[in-house]
């Protein structure tokens, strides 16, 4: 089997069949193209589009296909391609088109083999367009006589070439040319078949065009031609009946004259790219034309998804960050998994150094070769793609997101690309920009940790990503969120990206804050009698409360504790059951040492100060290193008159306290109109709520409210 036969056989396996018997589904496209690629490599066909680097014949074939217009002596090949490139742009950005499948050089569509297009509209209806593009540098008018003859523009020739079509109800046959025409509305044309039988038709020049039926109509006002495109149909008036189905064929046949030439087509493409995509650089319009050239010379089925993806790629190109695996870690694998669950990820701190270098995804050589050829990303005959092009190829394969750095001056241009991608199944992007997810309605956006809880990877991230509070020993995010679930809104992708490489510090590092430091000590006061029950059960202690008033006596006896008068306790032989001992005496008169000798439990001595508070009595004041042992309530307030060193003490405690403690410094001087210090009080009440199990140490500015 020679190379030409190989080419035909392999090409047929991926061509879309245009009749109602055989139609290639979009989801079969990649499978067939991969199969074609594999067979081409084994057989070394000169028409391989994916193996041409190693095949001299293949390189010659590719060169021949891209310079075909020189061989035929005119530029009609380039002209007809560029005139249709603008049409591909038009229906890719059309609001009435849901999707389309487009194939070229189909050998089962008769003379309408240049372009086969199946369009699905937004209302669910479908239409098939079969096109023959007859462009020429010879601008002689197309006459009625030329349409009547059997060759060239002959209508009967085109009718006879589609005998295989049994049902043409939703099919439009279109004959395109850049030539002018002299035929007029209502003109009669006598068609003559091979048997010299006469068929008479009447010309109708169409004025009102249905955009669904004639979707590929050249746009008005963007041509270098003085005349607009003319569209004609033909109606059978007198028939001998010798040409079966001629009447039905003519109802679906359209003749387009005055189509634009190469210069006009390029102007048309530039104008559409500028209007629809915001692309003004001629380099990118040339890239789009090269992309379409690849489709013309290959066996690819082109869809709306493909064209829109290419347009978005062109818009993004100046801002794309090249990906690598230089900073891949086990944690970055979790973050990649999270990113790939969303349409868009926003990173508001543009730390592209990390986010662009945590991607180790790859693809097979067949996938890389096929996709790079399809999207016009292989511009040289080298095996290895440049890193930037490889990033684009992996994006087109949906292996990675496209990472785009957006400066303020380019924000609107990038939004044009995002708007384009909404027309198809969204492709994943990471935007490094000072923007918010509220700007992108209809997109599934990942901006902070609050976007993740419905995803399985959320649990893995909060158990492995760590932070350090004020420079202390690190804790995992799940511990941080146990303090306050609202924190997940403040942990954005910027912080998560940093956490893949290191422990992120929250707050100022308090270590070595002061070279010369005098150790402090404090006394303790309890403000909540209800906490006494928890304390006694937790520590298994005997608590002696001195200076007990009647209100205290009544309140303590309501607690679920074993309460007894101190005098009665001293007379007992078995003293292990008692927990709370009450006395009206002040602490110096209490036989504290004697009680300690007669019980195995810890003994604590409290002195009632007033009806609302009591103080722990110890031999010495509590040293700062013991504060976290004594201050074991959910909320602990350090207070003293101004100038006594509270701020210095808090800086010291912040650097040495366990990770289970917060050091909070509310600005309580923000006084409200009614004389209270509401912001600080609100924070403290929130911190001491039952949902916040972590103890909090708060400095006080000696205001009565605290």
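Taking into account only those residues within the range 238-271 that are part of a strand (DSSP E or B) and at pLDDT 85 or above, which is farthest from residue 130 (Cα to Cα)? Explain how you work it out, then say what you get.
Taking the range 238-271 first, the residues part of a strand (DSSP E or B) are 238, 253-257.
Checking the rest, the ones that are also at pLDDT 85 or above come to 253-257.
Numbers: 253: 10, 254: 10, 255: 12, 256: 13, 257: 16 Å.
The qualifying residue farthest from residue 130 (Cα to Cα) is 257.
Condition first: surrounded by 12 or more Cβ atoms within 10 Å (Cβ to Cβ), closer than 20 Å to residue 610 by Cβ and at pLDDT 80 or above. Can you find one or more residues in the range 569-578 that meet it?
Step one: filter the range 569-578 for residues surrounded by 12 or more Cβ atoms within 10 Å (Cβ to Cβ), giving 569-570, 572, 575, 578.
Restricting the remaining residues to those that are closer than 20 Å to residue 610 by Cβ gives none.
No, there is no match, as no residue in the range 569-578 is surrounded by 12 or more Cβ atoms within 10 Å (Cβ to Cβ), closer than 20 Å to residue 610 by Cβ and at pLDDT 80 or above.
Residue check: is residue 348 surrounded by fewer than 23 Cβ atoms within 10 Å (Cβ to Cβ), touching a residue at least 60 places away in the same chain (Cβ under 8 Å), touching a helix residue (DSSP H, G or I) at 6+ places or on another chain (Cβ under 9 Å) and outside the structural domain of residue 137 (by TED's automatic domain parsing)? Steps first, please.
Details: surrounded by fewer than 23 Cβ atoms within 10 Å (Cβ to Cβ): yes; touching a residue at least 60 places away in the same chain (Cβ under 8 Å): yes; touching a helix residue (DSSP H, G or I) at 6+ places or on another chain (Cβ under 9 Å): yes; outside the structural domain of residue 137 (by TED's automatic domain parsing): yes.
So residue 348 fits the description; yes.
Could you list all residues from the range 389-427 that are under 14 Å from residue 359 (Cα atoms) and within 12 Å of the chain's Cα centre (by Cα)?
395, 398, 400, 401, 402, 403 - these are the residues of the range 389-427 that are under 14 Å from residue 359 (Cα atoms) and within 12 Å of the chain's Cα centre (by Cα).
Among 249, 253, which is the only one that is more than 30 Å from residue 417 (Cβ to Cβ) and in contact with a helix residue (DSSP H, G or I) (Cβ under 6 Å, 6 or more places away or on another chain)? Even if it seems obvious, please write down each step before you answer.
Details: 253 fails: in contact with a helix residue (DSSP H, G or I) (Cβ under 6 Å, 6 or more places away or on another chain).
Matching residue, one of 249, 253: 249.
Within the range 426-438, track down each residue that is out of contact with any helix residue (DSSP H, G or I) (no Cβ under 8 Å at 6 or more places or on another chain) and farther than 18 Å from residue 455 by Cβ.
Scanning the range 426-438 gives 436, 438.
Can you say whether residue 392 is within 30 Å of residue 461 (Cα to Cα) and outside the structural domain of residue 439 (by TED's automatic domain parsing), as far as the supplied structure shows?
It is true that residue 392 is within 30 Å of residue 461 (Cα to Cα) and outside the structural domain of residue 439 (by TED's automatic domain parsing).
Go through 167, 186 for me and flag whichever is surrounded by fewer than 17 Cβ atoms within 10 Å (Cβ to Cβ), touching a residue at least 60 places away in the same chain (Cβ under 8 Å) and part of a loop (DSSP other than H, G, I, E, B).
Numbers: 186 fails: touching a residue at least 60 places away in the same chain (Cβ under 8 Å).
Answer to the check: 167.
Go through (1) surrounded by 15 or more Cβ atoms within 10 Å (Cβ to Cβ); (2) in contact (Cβ under 8 Å) with a residue 60 or more places away in the chain and name the single condition residue 444 misses.
Only one criterion is unmet by residue 444, namely (1).
Can you pull out the residues in the range 483-520 that are in a loop (DSSP other than H, G, I, E, B), modelled with pLDDT of 80 or more and surrounded by fewer than 18 Cβ atoms within 10 Å (Cβ to Cβ)?
Passing the criteria: 490, 501, 502, 503.
The values are calculated or read from the model by the stated rules, or taken from the named source; none is laboratory data. Everything numeric here is computed off the predicted structure, so don't read it as measured data. Please note: Cβ atoms are built from the backbone with ideal geometry, for glycine as well, and neighbour counts cover all protein chains shown.
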